[in-house]
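All remarks here apply to the structure that follows.
Where a number appears in this text, it was derived from the coordinates with a stated rule and is not lab data. Here the structure is a predicted model, which is why all the values come from computation and not from measurement. Don't worry about glycine lacking a Cβ; one is built from the backbone with ideal geometry, like all the others, and counts go over all protein chains shown.
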Amino acid sequence: MKKLFSVLGILIVLAACATAPAPRQIQTSFPLEKPFDPVWQTVIEVFAELNLPIMNMEKVSGLITTDWINFTGQNNINGYCDCGGLGMNREVERRGRFNVYVKKVGDSSCELKVNSIFEHIITSALDNTSPHYTNACVSTGKLEAEIFKRIQEKIK
């Protein structure tokens, strides 16, 4: 019993060592001076080129959602998301999913919105049998900007 309390105490201390990611202001909405149909077609082509796992797609609403995508191995500085510091934990998996919304603004203009959700699954670095926890991460804005850039370059 004493060992159990010791292990629980260590796990609580280790979890407390992790730091939350810093909040960020990122651009998620991008104007395009092109009609809806060519923008929609280009978005589909970019998803196919990037081999993104589409979960739902509905042209009438202009919405495409992805399934979870594995981003394990990305670091917080250069990657698509910031998950904060791990402290004495280790990352088991980092993943994200996003949706792209194409909104018709006028006959020859659209607005592209890219919204991302990222999370990582962590566990104790010292105990391989400890439970796994899921924590939210924050987007760095790089994924959103990259998707917009690819669509913008392709639709010219």
Check: What distance in nm separates the simple spin-label points at ILE117 and GLN27, each placed 7 Å from Cα in the Cβ direction?
Finding: 2.6 nm
Checklist line | Net charge of neighbours whose Cβ lies under 10 Å from the Cβ of LEU50, counting Lys and Arg as +1 and Asp and Glu as -1 | finding: -2
Next item on the list: Can you tell me the FRET efficiency between HIS132 and GLU58 if r is taken as the Cβ-Cβ distance and R0 is 30 Å, rounded to the nearest 0.05?
Entry: 0.35
Next item on the list: Using Cα pairs closer than 8 Å and at least 6 residues apart in sequence, work out the relative contact order for segment 103-156, in percent.
Entry: 28 percent
Item checked: Spin-label proximity, ALA125 to segment 67-96 - amide N less than 13 Å from point 7 Å beyond Cα toward beta carbon -> 85-92
